[in-house]
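The values are calculated or read from the model by the stated rules, or taken from the named source; none is laboratory data. None of the values given here were measured: they were computed from a predicted structure. Ideal geometry is used to build each Cβ from the backbone, glycine not excepted, and the neighbour counts take in all protein chains shown.
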Amino acid sequence: MCTVSFMGRRSTTWSYLVVLLVFCFVLNQATAQLSLFISKEDAKTFLKMDFQGKLYLIQAGVPATMVQNPSAFYRFMSPIEPSVSQLQLSWVSSPLVSHYSMRFNSSDHSIMSDPVPAIPLQGITPQSTSVFAISFVCSGKKGGEVDLTFSLNYTKIESGLVDTDDTKTFVLVVRRLCLKTATDGDDGDDDKIVVNKEVTASPWSRGTIVGALCRHDASHHSDGRTRTVVPLQYEAEKAEDGV
């Protein structure tokens, strides 16, 4: 137990507030951990979406609200378009060091092979913001919709030891569309593309769902292909009630 004494005629109220603020700051720094996000620039480049802030998947060790329910996110998130074959993620772990292990899977290897990250599948997260790419290339042999699964285990490292008792698991599954581009020597049909673009009907738009991952409320300007991004606190509650 720590006793704090104040001398003179200074206001004890202000003194206690200062102590409380310092305590909260130290506590926040001690618990802050892995953050994984898509930068504003990468969201525009790879997802063709314009936001005012970062799209957080994990922030300070905690998965973002919209990805805490993977099944709901899967149903309401639009599939990744065939033209997109790579995505860049940014991450950092500070002040604590985190150990990670990740895995990527494709639900149908005839449509798309397992995604490949540009970093080792396990190791130590950087303590300064770093960017890595994930490639998910369609085979071209078969068109259709495939599930892309991203699994990440992460835990803090203290005194050089991995804290296995505090391991957290993050799983994200999204749909990805692929086109059949390879030609069949014995098939003269011109119709080589088989893509299922059926998307579950929902009051949520793609922009609205992904907008929930933003640090700040964000919105697009109209440019012919835009969507509105609004806060989802009450939207998420309504959706969860309907699941």
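Test of understanding: among SER71, SER151, SER83, which residue is in contact (Cβ under 8 Å) with a residue 12 or more places away in the chain and either not small (Gly, Ala, Ser) or not in a helix (DSSP H, G or I) (or both)?
One residue alone meets the criteria, SER151.
Would you confirm whether any residue within segment 120-131 is among the β-branched types (Val, Ile, Thr) and touching an Asp or Glu at 6+ places or on another chain (Cβ under 6 Å)?
Checked against the condition, which is being among the β-branched types (Val, Ile, Thr) and touching an Asp or Glu at 6+ places or on another chain (Cβ under 6 Å), segment 120-131 yields no hits at all.
Counting just the residues of segment 152-167 that are in contact with a Leu (Cβ under 8 Å, 6 or more places away or on another chain) and surrounded by 13 or more Cβ atoms within 10 Å (Cβ to Cβ), which one comes out modelled with the highest pLDDT?
The qualifying residue modelled with the highest pLDDT is LEU152.
Let me confirm something: among LYS156, LYS142, which residue is among the charged types (D, E, K, R), more than 20 Å from VAL174 (Cβ to Cβ) and more than 18 Å from the chain's Cα centre (by Cα)?
Going through LYS156, LYS142 in turn, the sole match is LYS156.
So which residues in segment 121-141 are outside any strand (DSSP E or B), surrounded by fewer than 14 Cβ atoms within 10 Å (Cβ to Cβ) and of a type in the set (A, V, I, L, M, F, W, C), if there are any at all?
Once the filter is applied, which keeps residues that are outside any strand (DSSP E or B), surrounded by fewer than 14 Cβ atoms within 10 Å (Cβ to Cβ) and of a type in the set (A, V, I, L, M, F, W, C), segment 121-141 yields LEU121, VAL137.
Out of everything in segment 104-120 that is touching a residue at least 24 places away in the same chain (Cβ under 8 Å) and either closer than 20 Å to ASP163 by Cα or part of a loop (DSSP other than H, G, I, E, B) (or both), what residue ends up being nearest to the chain's Cα centre (by Cα)?
Among them, the one singled out is PRO115.
What tally of residues in segment 83-105 results from selecting those that are crowded, with 19+ Cβ neighbours inside 10 Å and in contact with a Pro (Cβ under 8 Å, 6 or more places away or on another chain)?
Residues that pass the stated criteria total 2.
Quick grid of which residues meet (1) farther than 30 Å from ILE124 by Cβ; (2) modelled with pLDDT under 80; (3) not polar (S, T, N, Q):
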residue: CYS2; (1), (2), (3): yes, yes, yes
residue: ARG10; (1), (2), (3): yes, yes, yes
residue: VAL18; (1), (2), (3): yes, yes, yes
residue: ALA72; (1), (2), (3): yes, no, yes
residue: SER78; (1), (2), (3): yes, no, no
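Are any residues in segment 30-66 β-branched (Val, Ile, Thr) and modelled with pLDDT of 85 or more, and if so, which ones?
ILE38, ILE58, VAL62, THR65
What number of residues in segment 159-175 are part of a loop (DSSP other than H, G, I, E, B) and more than 23 Å from the chain's Cα centre (by Cα)?
The number of residues fulfilling the criteria is 3.
If we scan segment 186-196, do we find a residue that is over 28 Å from LEU36 (Cβ atoms), in contact with a Ser or Thr (Cβ under 8 Å, 6 or more places away or on another chain), at pLDDT below 85 and in a loop (DSSP other than H, G, I, E, B)?
Yes; the residues of segment 186-196 include at least one that is over 28 Å from LEU36 (Cβ atoms), in contact with a Ser or Thr (Cβ under 8 Å, 6 or more places away or on another chain), at pLDDT below 85 and in a loop (DSSP other than H, G, I, E, B).
If I ask for residues that are in contact with a Ser or Thr (Cβ under 9 Å, 6 or more places away or on another chain) and either among the charged types (D, E, K, R) or surrounded by fewer than 19 Cβ atoms within 10 Å (Cβ to Cβ) (or both), which ones from segment 62-77 would you list?
Selection gives ARG75 alone.
Taking segment 59-95 only, how many residues are in contact with an Asp or Glu (Cβ under 9 Å, 6 or more places away or on another chain) and aromatic (Phe, Trp, Tyr)?
Result for segment 59-95: 1.
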